[in-house]
Amino acid sequence: MERLDKVLAGTGRWSRREVKELIRQCRVTVDGRPAASPEEKVDPAAAELLVDGETVTWEQYVYIMLNKPAGLLSATEDSRQKTVLDLLPGELRRRGLAPVGRLDKDTEGLLLLTDDGELTHRLLSPKYHVDKVYFARVAGELTEADVAAFAAGITLGDGLVCRPAGLEILSADTCLVTLQEGKFHQVKRMLASRGKPVLHLKRLSMGALQLDDGLLPGQFRRLTGEEIRVLRGNS
């Protein structure tokens, strides 16, 4: 059971103050009767909630798939630069969504935004072995020696030890990189350590979740119920 004002404000459509005013004006009904007070306790999953006669759909968590464009920060806010949340409407921004992991400012591709903290932890923790797959274009020619080095695990110049990773050569200068961790600039640093600096990087998948080919850079959509179910199962 949750406070009514918390449930309605949690949709992102109204602030707590606005909800209290709606209730005071008798514009909110609970199971067909006017709401008694902002503090009234309701079961958000079972109660019929209406505002001005319109049904309010309650969601415990929201899951957004974004095709991140280059030029935006993977952050919830920044005083000087635009973030991926600036692509969302106010209703979703007010939900408290956060990126699951980070993509560099110039990196594109799949970015999951959610307020499900438990799923976020399971997707990012190396101990759960969730694959993250990236497409990379590099300067230089990729070789089987690079594949072997990735498989063995690379130690970077600053002493950072990277776990064994997958490197699949697609052409002389393009490849797929598969990681189960996500250290700072990791894909770029691993390839640079092999003398193959990255020119373009795009994340294609995270666990069972694959980037929707129909999403242009900057576009987003909610995950389907099946995608959420499979993603939770994979994590």
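The values are calculated or read from the model by the stated rules, or taken from the named source; none is laboratory data. Note that this is a predicted model, so its numbers are computed, not measured. Counting neighbours? That spans all protein chains shown, and the Cβs are built from the backbone with ideal geometry, glycine included.
Which condition number does residue 117 fail, the rest of (1) surrounded by fewer than 17 Cβ atoms within 10 Å (Cβ to Cβ); (2) in contact (Cβ under 8 Å) with a residue 40 or more places away in the chain being met?
(2)
Report yes if residue 218 is modelled with pLDDT of 95 or more, of a type outside the set (A, V, I, L, M) and assigned by TED's automatic domain parsing to the domain that holds residue 99, otherwise no.
yes
Say we look at the stretch 1-56 and pick out the residues that are part of a loop (DSSP other than H, G, I, E, B) and aliphatic (A, V, I, L, M); which of these is surrounded by the most Cβ atoms within 10 Å (Cβ to Cβ)?
Across the stretch 1-56, the extreme among qualifying residues is 35.
Determine which single condition residue 91 fails, assuming it passes every other condition in (1) more than 22 Å from residue 198 (Cα to Cα); (2) in a loop (DSSP other than H, G, I, E, B); (3) among the charged types (D, E, K, R).
So the condition that residue 91 fails would be (2).
Taking residue 112 as meeting all but one of (1) of a type outside the set (Phe, Trp, Tyr); (2) in a loop (DSSP other than H, G, I, E, B); (3) in contact (Cβ under 8 Å) with a residue 40 or more places away in the chain, write down the number of the exception.
(2)
Can you tell me how many residues in the stretch 10-32 are among the polar types (S, T, N, Q) and closer than 24 Å to residue 46 by Cβ?
Selection size over the stretch 10-32: 2.
Going through the stretch 166-201 one residue at a time, which ones are under 20 Å from residue 111 (Cβ atoms) and part of a loop (DSSP other than H, G, I, E, B)?
Residues satisfying the conditions are 180, 181, 182, 183, 184, 185.
Which of (1) among the hydrophobic types (A, V, I, L, M, F, W, C); (2) out of contact with any Ser or Thr (no Cβ under 7 Å at 6 or more places or on another chain); (3) in a helix (DSSP H, G or I) is the odd one out, the single condition residue 123 does not satisfy?
(2)
Determine the pairs where a residue that is closer than 15 Å to residue 73 by Cβ, located within the stretch 85-104, has a partner that is in a loop (DSSP other than H, G, I, E, B) with Cβ atoms under 6 Å apart, the partner being 6 or more residues away or on another chain.
Listed by first residue and then by second, the contacts come to 85/76; 87/218; 97/115; 98/76; 99/74; 101/182; 102/74; 103/74.
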